[in-house]
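The values are calculated or read from the model by the stated rules, or taken from the named source; none is laboratory data. Computed from a prediction, not measured in an experiment: that's the story for all the values here. Heads up, the Cβs are rebuilt from the backbone with ideal geometry, glycines too, and the neighbour counts pull from every protein chain shown. Ligands, DNA and RNA are excluded from the accessible area calculation, which covers all protein heavy atoms including side chains. Shrake-Rupley method; radii C 1.70, N 1.55, O 1.52, S 1.80 Å.
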Amino acid sequence: MRSVPNSKQQQQQQTTTTTNNNKQQNRIGMMVRVKAPKKDNAFFTPAKHFLVMIGVFGMIGLGVVLLKFHRQESRAFQLRTGGGGMGMGMVDAHSAKYLVNKPHLVYGTAWKKDDTAKYVHDAIQAGFRFIDTACQPKHYNEKGVGLGWTSAAQELGLTRADLWIQTKFTPYSGQDPNNVPYDQNAPVADQARTSLEVSLRNLQTDYLDSWVLHSPMEHFEDTMKVWRVMEDAVDSGKAHQIGISNCYDMDVFRALYQQARVKPAVVQNRFYAESDFDTELRIFCKDRNIKYQSFWTLTANRTALASPKVIELASAKGLTAQTYMYAFLMSLGYVTPLSGTRSIQHMAQDVAVMERMQGGEELFTVTEQKEMAALLGMPGL
C-alpha cells in the first residue's frame, strides 16, 4: 500500500515542482533569446560597416588637413617672428645679427614718400631685416623708416639689434634746395656731422649699422673731408661701418681706399650694362672683402629677365625670373641686392629665396652662374 502524503509534504512537493518548471522555462527562454536572429542583420553587415569606414577615413582626412593648417600657421608665425632656428629663440633665428654674413636682400626705401612707414613695416613683417635709406628728403623719408621699423619691431618682439639699418649722407648737389637737412653754407665736414645727427633722430636710434657717402664729392679733397667725419663716427660707435655709393670711377674708389684709415665696407651702385656691370670694381671689392650692394637690379635688366631662357631656368628652381636674379647675385658671395618692392606677395617671394639660401641650399653651380652672367651680358663674375 502506497503511503499518502500529508498536507505539509504535498505543499513542499508542489513548491519543488514549480521551481523546477521555472528553471526549465528560463533555460528554454535563454536558448530562444540566444538563437533568435536579429531582424536587421541583413542590413548591418555590408551597409553599416561601410558607413563606419567612411567615418574613420573622414576623421583621418580631417586630421591631416588640421595638421597641415597647423604647420602652415606655425611657419607663417615663424616668418613673422623670425623663428625656426636650432638652439635659438624665435626672434634670434631671424635676427640681422645672425644673418649679416649669410645671403640676404636689403629693403630699399627710395621714392615711397608718405607711405614709407607702411612699406617698411610690411617688409619687416614679411621677414626683411636689412633696411636702406638716406638723409635726402628729395627721394627718401627717414622719419617714415623710423616709424616703420619701430612699429614692426614692437609687434614682433624685435629689438634694435635684430635689425640692420643703413643710411647715407647726401651732398648738397643731390638735395632739394628747398628741403636740405643741414646748413648748405656750412663746411662739408659740418654738413656731414649734422646729417648724421638728423639721421639718428629720424631713425630713432643711437647708432647706424652702416653709414654711406651717397656719392663722391665734386672735388676729391672734399670727399676725404667727409670720409674723415665718417671715420670719427666709427670711432665713436655711432656707425658700425662706412661706405660709398654711386662711385663708378675706379680711380676715385682706389684713391679713397688707399687714403682711408677706416676702409670702405660697402659700395652701393646701380647694376647695369652701361657701367659694364662694374666688373673691375666688383673684382676689387671681392678681393678685399668689400660688400657690393646692387640697386636698380631688376629695372635695368628687364629684357634679360623677360627672356624665355631665364624664365625656364627660374621655373626649374621654383623661382620667378626676379627672384632668380636675386639668387644669382647672392650666390656670388659678395653681392647684396636691394629690393624696393611695394608688393606683399613679392616681399614674401624675396624672403622665401633668402631663406632657402640661408638654410644652405645651393641654387647655383659655377656653370649656372656663368650661364646667367652670359644671359645678362656680364663680362665676368
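Just one of the numbered conditions (1) open to solvent by 30 Å² or more (accessible area, probe 1.4 Å); (2) more than 29 Å from the chain's Cα centre (by Cα) is not true of P171: (1). Among the listed residues R288, R356, which satisfies the condition of being out of contact with any Gly (no Cβ under 8 Å at 6 or more places or on another chain) and either farther than 23 Å from Y248 by Cβ or small (G, A, S) (or both)? Exactly one of R288, R356 is out of contact with any Gly (no Cβ under 8 Å at 6 or more places or on another chain) and either farther than 23 Å from Y248 by Cβ or small (G, A, S) (or both), namely R356. It is to be established whether one or more residues within segment 192-202 are in contact with a strand residue (DSSP E or B) (Cβ under 7 Å, 6 or more places away or on another chain), within 24 Å of F128 (Cα to Cα) and open to solvent by 50 Å² or more (accessible area, probe 1.4 Å). Checking segment 192-202: not a single residue is in contact with a strand residue (DSSP E or B) (Cβ under 7 Å, 6 or more places away or on another chain), within 24 Å of F128 (Cα to Cα) and open to solvent by 50 Å² or more (accessible area, probe 1.4 Å).
The condition of being among the hydrophobic types (A, V, I, L, M, F, W, C) and touching a Lys or Arg at 6+ places or on another chain (Cβ under 7 Å) holds for only one of V198, V188, that being V188. Of the helices (runs of 4 or more DSSP H) entirely within segment 203-309, none holds at least 2 residues that are on the phi > 0 side of the Ramachandran plot and without any contact (Cβ under 8 Å) to a residue 24 or more places away in the chain. Within the option set A152, A123, A189, A134, being among the aliphatic types (A, V, I, L, M), open to solvent by 10 Å² or more (accessible area, probe 1.4 Å) and at pLDDT 95 or above holds for one residue only, A189. Out of S339, S315, S343, one residue alone is closer than 19 Å to V100 by Cα and of a type in the set (S, T, N, Q). It is S339. Summed over segment 229-239, the residues that are open to solvent by 30 Å² or more (accessible area, probe 1.4 Å) and touching a helix residue (DSSP H, G or I) at 6+ places or on another chain (Cβ under 7 Å) give a count of 1.
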